[in-house]
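Enquirer: Dropping a structure here in structure tokens format, bear with me for questions.
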Amino acid sequence: MKFINSNFWDRAARVILGTSLITWAFYIEDLYKLAIFAVGFVILATGIVGWCPIYTLFGWNTRTHSKKS
């Protein structure tokens with residue numbers, strides 16, 4: 001896809017981290033529960049989709065492109 005700017009390992013790490021944060025949010029009884037859940041959801045969503053808006057803002061791209069000549 002044209003808009004994917006994250007490689008496989010970056011996406012896998014985001015999915016694991018996002019899932020961990022969402023799971024952790026269910027087990028804590030704190031004021032920051034909703035914030036932790038929201039951050040985990042955003043990280044999980046960017047991992048699933050493969051597009052990171054912060055990478056786009058700074059012009060970064062961790063996805064490797066193979067060019068055929």
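Enquirer: Here is a list of conditions, (1) without any contact (Cβ under 8 Å) to a residue 40 or more places away in the chain; (2) open to solvent by 70 Å² or more (accessible area, probe 1.4 Å), and residue 64 meets all of them except one; can you say which number that is?
Expert: (1) is the only condition that residue 64 fails.
Enquirer: Which residue pairs have Cβ atoms closer than 7 Å, lie 6 or more positions apart in sequence or on different chains, and pair a first residue in the stretch 20-34 that is among the β-branched types (Val, Ile, Thr) with a second residue that is part of a helix (DSSP H, G or I)?
Expert: Correct list of pairs: 22/37; 22/40; 22/41; 22/44.
Enquirer: So if I check each of 10, 30, which one is among the acidic types (Asp, Glu) and surrounded by fewer than 12 Cβ atoms within 10 Å (Cβ to Cβ)?
Expert: 30
Enquirer: Only one residue in 43, 16, 54, 36 is open to solvent by 80 Å² or more (accessible area, probe 1.4 Å), within 15 Å of the chain's Cα centre (by Cα) and at pLDDT 95 or above. Which one?
Expert: When all the criteria are applied, what remains is 16.
The values are calculated or read from the model by the stated rules, or taken from the named source; none is laboratory data. What you see is a predicted model; the values in this text were computed from it and never measured. With ideal geometry, Cβ positions are generated from the backbone for all residues, glycine too; neighbour counts draw on all protein chains shown. Ligands, DNA and RNA are stripped out before the accessible areas are found, and what is left, the full protein with its side chains, is counted by its heavy atoms. Shrake-Rupley method; radii C 1.70, N 1.55, O 1.52, S 1.80 Å.
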